[in-house]
Amino acid sequence: MPTDASIRREDSPLLELKGVGKKFWSESGTTVAALSGIDLEVRRGEFVTLLGATGCGKTTLLNIVAGIAEPDAGQIRMSDDVAVGRNVAYVFQHYTLFPWRTTLSNVAFGLQMRGVPRRRRKTLASELLAKVGLTGFENVRPHELSGGMRQRAAIAQALAIDPALLLMDEPFGAVDDSTRIELQQMLIDLWQDKRMTVLFVTHNIDEAILLGSRIVVFGDRPGRIVHQFEVDLPRPRVRSLPRFTELFLDIRNALSAGPE
Ligand SMILES: Nc1ncnc2c1ncn2[C@@H]1O[C@H](COP(=O)(O)OP(=O)(O)O)[C@@H](O)[C@H]1O
Ligand SMILES: [Mg+2]
């Protein structure tokens, strides 16, 4: 099974940001530096968690990487297989399934857009639904699913296109604690199986440590990277290890202290 250590550091990065910045104008006419001077390299197969308080520009960064938002400073380089918007999937905090489609046809949607024949779509979507634990729910509509099940379906929908890069914006922020633990474990299993590169936003330190091969800590005003931590804990990760607590405290300090 692949491990965090098997991420190939010698490869050219999948994604490279240099000096990326983005300002917004607020309604009162003042400018908000949502992001400033972001330098970030993401290697193929990494699971990077972006950690920071609300308002430090995490969503803006994902939107820029997804090609939804335009940076007003800096450069972004992507390897050919993830040239902006292609082979990039996005999972949001609040599910974004089509309410009129069944679970199966929601998951098959991206395949339909890519012209995959109906029978093949159905097979692939069913396989993915099995992987996210939704076998038996193929023909129900999103409103009949629980919040956790909708996020499972949204993850299956995102993975259906076999993305090289998966962007996730606080995807488990709105579910209860026990569901969150199940979804975190499921996501790690999928990552270890498929080896897609993941950029995962959270404001929860525990979640960042449980999931990430690397944790990128953000500060605000302006939104910027204040620290990065490689996570050297074995998987599956357990909170009871002293190293977990040590890392937790280091990260909490980085979050409150700002830049080194
Ligand atoms: N479309 C927008 N118009 C104006 N201000 C925005 C817009 N999007 C984000 N901002 C501001 O930019 C900052 C960063 O926002 P965001 O990227 O959503 O942060 P996060 O996801 O970390 O909570 C915040 O101060 C937010 O209010
Ligand atoms: Mg956000």
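The values are calculated or read from the model by the stated rules, or taken from the named source; none is laboratory data. Predicted model only: the values in this text are computed from it and were never measured. Counting neighbours? That spans all protein chains shown, and the Cβs are built from the backbone with ideal geometry, glycine included. All accessible areas refer to the heavy atoms of the entire protein, side chains included, with ligands and DNA or RNA removed. Shrake-Rupley method; radii C 1.70, N 1.55, O 1.52, S 1.80 Å.
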Check L62, L51, L40 and return the single one that is hydrophobic (A, V, I, L, M, F, W, C), within 15 Å of ligand 1 (Cβ to nearest atom), in contact with a Gly (Cβ under 9 Å, 6 or more places away or on another chain) and assigned by TED's automatic domain parsing to the domain that holds M186.
L51
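Taking the condition touching a Phe, Trp or Tyr at 6+ places or on another chain (Cβ under 8 Å), modelled with pLDDT of 95 or more, part of a helix (DSSP H, G or I) and of a type outside the set (S, T, Y), does E207 pass?
Numbers: touching a Phe, Trp or Tyr at 6+ places or on another chain (Cβ under 8 Å): yes; modelled with pLDDT of 95 or more: yes; part of a helix (DSSP H, G or I): yes; of a type outside the set (S, T, Y): yes.
Judged against the criteria, E207 is a match.
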Checklist (1) part of a loop (DSSP other than H, G, I, E, B); (2) among the aliphatic types (A, V, I, L, M); (3) at pLDDT 95 or above; (4) in contact with a strand residue (DSSP E or B) (Cβ under 9 Å, 6 or more places away or on another chain) applied to L187, failing item
(1)
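Residue-by-condition table, conditions (1) more than 23 Å from V65 (Cα to Cα); (2) of a type in the set (D, E, K, R); (3) more than 20 Å from the chain's Cα centre (by Cα):
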residue: K122; (1), (2), (3): yes, yes, yes
residue: G136; (1), (2), (3): yes, no, yes
residue: N139; (1), (2), (3): yes, no, yes
residue: Q157; (1), (2), (3): no, no, no
residue: A164; (1), (2), (3): no, no, no
residue: G173; (1), (2), (3): no, no, no
residue: T202; (1), (2), (3): no, no, no
residue: D206; (1), (2), (3): yes, yes, no
State all residues of the range 86-145 that are of a type in the set (D, E, K, R) and modelled with pLDDT of 95 or more; if no residue qualifies, say none.
R101, R118, R119, R120, R121, K122, E127, K131, E138, R141, E144
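Please verify whether A53 is within 16 Å of ligand 2 (Cβ to nearest atom), buried (at least 23 other Cβ atoms within 10 Å of the Cβ) and not in a helix (DSSP H, G or I), treating the condition exactly as stated.
Working: within 16 Å of ligand 2 (Cβ to nearest atom): yes; buried (at least 23 other Cβ atoms within 10 Å of the Cβ): no; not in a helix (DSSP H, G or I): yes.
Against the criterion (within 16 Å of ligand 2 (Cβ to nearest atom), buried (at least 23 other Cβ atoms within 10 Å of the Cβ) and not in a helix (DSSP H, G or I)), A53 does not qualify.
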Go through (1) open to solvent by 80 Å² or more (accessible area, probe 1.4 Å); (2) away from ligand 1 (no atom under 14 Å from the Cβ) and name the single condition L14 misses.
(1)
